[in-house]
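Enquirer: Attaching a single structure in C-alpha cells format; questions to follow.
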Amino acid sequence: GQQLNQSPQSMFIQEGEDVSMNCTSSSIFNTWLWYKQDPGEGPVLLIALYKAGELTSNGRLTAQFGITRKDSFLNISASIPSDVGIYFCAGHLGSGGSNYKLTFGKGTLLTVNP
Amino acid sequence: AAGVIQSPRHLIKEKRETATLKCYPIPRHDTVYWYQQGPGQDPQFLISFYEKMQSDKGSIPDRFSAQQFSDYHSELNMSSLELGDSALYFCASSSRGGNTEAFFGQGTRLTVV
C-alpha cells in the first residue's frame, strides 16, 4: 500500500520561530491534507490541497502540493505556544467519486518553548 | 457548528469481551470512516461507508464489524477483544456531494485489560 514519509519526527523551537515539515510518498495522491492533533483528541483539518503546485495559506500556516504529486510541505510562521501538538500529513486518491480513505504520515511532534 | 459525535469517550473492557462504539456524523454528511490509532502511532484506516453501504475496507480484523444505519450513524462492533485492541478509535465524516474533506470526532479510548 501507499506510505507517507513525514519529517522531522519532532521539533523543539522557540516561540516566534518559523517551522517547516514535509511529507513524501512512494506514489501519487490527488489530495494532500494537513491535520493537527492534540493529546487524546481527534485530528483537526488545517489545510487541504487539490492541485499539483498549489500553494495555500491559512493564517500563519502555508502548505504546498508538490508538482510531482508525491510530496507536500507545511510551514508555520511566527510560532506561538498553542501551536504545540502533533502535525500529520495525509493523502487520498478521491476525485469526484470513490477512494477517499486517508493514508497518514507518522506525524511531527512540535514543541514550542515560550 | 455541529461536529462528529462519538460515544463513549472512554471504555474499559476485559479480554474476550465485546465492545460497541457509536458515531454520529455531521448532519448531511453521507460518508463515515473508522480509524484506529495505537499509542504513538498514526491513524490507520479500518472501514468506510457511503450512503449506508460499505465503500472501502482497510486493515480491519475479522473480529470487528461495522455498519451505517438509516439515520447515517455508524457503529463499530468489536468482539473477542485482545490487549492489542487498546487504542483510540476515531470516526470521521465527509460529504461526497458537498465535496468536503473528512472531519474527525474526538475519539473513543478503548482499554482492554
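The values are calculated or read from the model by the stated rules, or taken from the named source; none is laboratory data. Because the structure is predicted, anything quoted here is derived from the model rather than measured. Because the Cβ atoms are built from the backbone with ideal geometry, glycine has one as well, and the counts that use them run over all protein chains shown.
Enquirer: Answer yes or no as to whether B:Gly84 is under 16 Å from B:Gly40 (Cα atoms), within 10 Å of the chain's Cα centre (by Cα) and not acidic (Asp, Glu).
Expert: Judged against the criteria, B:Gly84 is not a match.
Enquirer: For A:Asn22, work out the one condition from (1) more than 13 Å from A:Gly105 (Cα to Cα); (2) away from chain B (no Cβ under 11 Å) it doesn't fulfil.
Expert: (1)
Enquirer: Moving to a separate point now. Which of the residues spanning segment A:72-114 are of a type in the set (D, E, K, R), under 30 Å from B:Ser55 (Cα atoms) and surrounded by fewer than 19 Cβ atoms within 10 Å (Cβ to Cβ)?
Expert: Once the filter is applied, which keeps residues that are of a type in the set (D, E, K, R), under 30 Å from B:Ser55 (Cα atoms) and surrounded by fewer than 19 Cβ atoms within 10 Å (Cβ to Cβ), segment A:72-114 yields only A:Lys106.
Enquirer: Name the strands (runs of 3 or more DSSP E) wholly within segment B:34-113 that hold at least 2 residues that are crowded, with 16+ Cβ neighbours inside 10 Å and at the interface with chain A (Cβ under 8 Å from one of its Cβ atoms)?
Expert: B:44-50, B:53-57, B:87-94
Enquirer: Among (1) of a type in the set (S, T, N, Q); (2) assigned to a strand (DSSP E or B); (3) more than 27 Å from B:Trp34 (Cβ to Cβ), which single condition is A:Thr68 missing?
Expert: (2)
Enquirer: Looking at segment A:1-53 only, could you name the residues that are under 17 Å from B:Thr100 (Cβ atoms) and either in contact (Cβ under 8 Å) with a residue 24 or more places away in the chain or touching a Gly at 6+ places or on another chain (Cβ under 7 Å) (or both)?
Expert: Once the filter is applied, which keeps residues that are under 17 Å from B:Thr100 (Cβ atoms) and either in contact (Cβ under 8 Å) with a residue 24 or more places away in the chain or touching a Gly at 6+ places or on another chain (Cβ under 7 Å) (or both), segment A:1-53 yields A:Asn30, A:Thr31, A:Trp32, A:Leu33, A:Trp34, A:Tyr35, A:Gly42, A:Pro43, A:Leu46, A:Ile47.
Enquirer: Can you name every residue in segment A:84-114 that is modelled with pLDDT under 95, under 19 Å from A:Asp18 (Cβ atoms) and either part of a loop (DSSP other than H, G, I, E, B) or facing another protein chain (nearest Cβ under 7 Å) (or both)?
Expert: A:Pro114
Enquirer: Could you check, for segment A:62-69, whether at least one of its residues is under 23 Å from B:Val32 (Cβ atoms), modelled with pLDDT under 95 and among the hydroxyl-bearing types (Ser, Thr, Tyr)?
Expert: Looking through segment A:62-69, none of the residues is under 23 Å from B:Val32 (Cβ atoms), modelled with pLDDT under 95 and among the hydroxyl-bearing types (Ser, Thr, Tyr).
Enquirer: From the residues in segment A:25-39 that are more than 13 Å from the chain's Cα centre (by Cα) and closer than 22 Å to B:Gly40 by Cβ, which one is surrounded by the most Cβ atoms within 10 Å (Cβ to Cβ)?
Expert: For segment A:25-39, the residue satisfying everything is A:Asp38.
Enquirer: When only residues in segment A:46-76 that are closer than 16 Å to A:Lys106 by Cα and under 9 Å from the mean Cα position of the chain (by Cα) count, which is farthest from the other protein chains (Cβ to nearest Cβ)?
Expert: Filtering first and then ranking leaves A:Phe73.
Enquirer: Just the residues that are within 14 Å of another protein chain (Cβ to nearest Cβ) and of a type in the set (S, T, N, Q), please, taken from segment A:25-45.
Expert: A:Ser25, A:Asn30, A:Thr31, A:Gln37 - these are the residues of segment A:25-45 that are within 14 Å of another protein chain (Cβ to nearest Cβ) and of a type in the set (S, T, N, Q).
Enquirer: While we're here: Give me a count of the residues in segment B:16-41 that are charged (D, E, K, R) and at pLDDT 95 or above.
Expert: Number satisfying all stated conditions: 3.
Enquirer: Would a scan of segment B:16-23 turn up a residue that is small (Gly, Ala, Ser) and either surrounded by fewer than 17 Cβ atoms within 10 Å (Cβ to Cβ) or part of a strand (DSSP E or B) (or both)?
Expert: yes
Enquirer: Could you run through segment A:1-49 and say how many residues are of a type in the set (Asp, Glu) and under 28 Å from B:Gln106 (Cβ atoms)?
Expert: Going through segment A:1-49 one residue at a time, the tally reaches 3.
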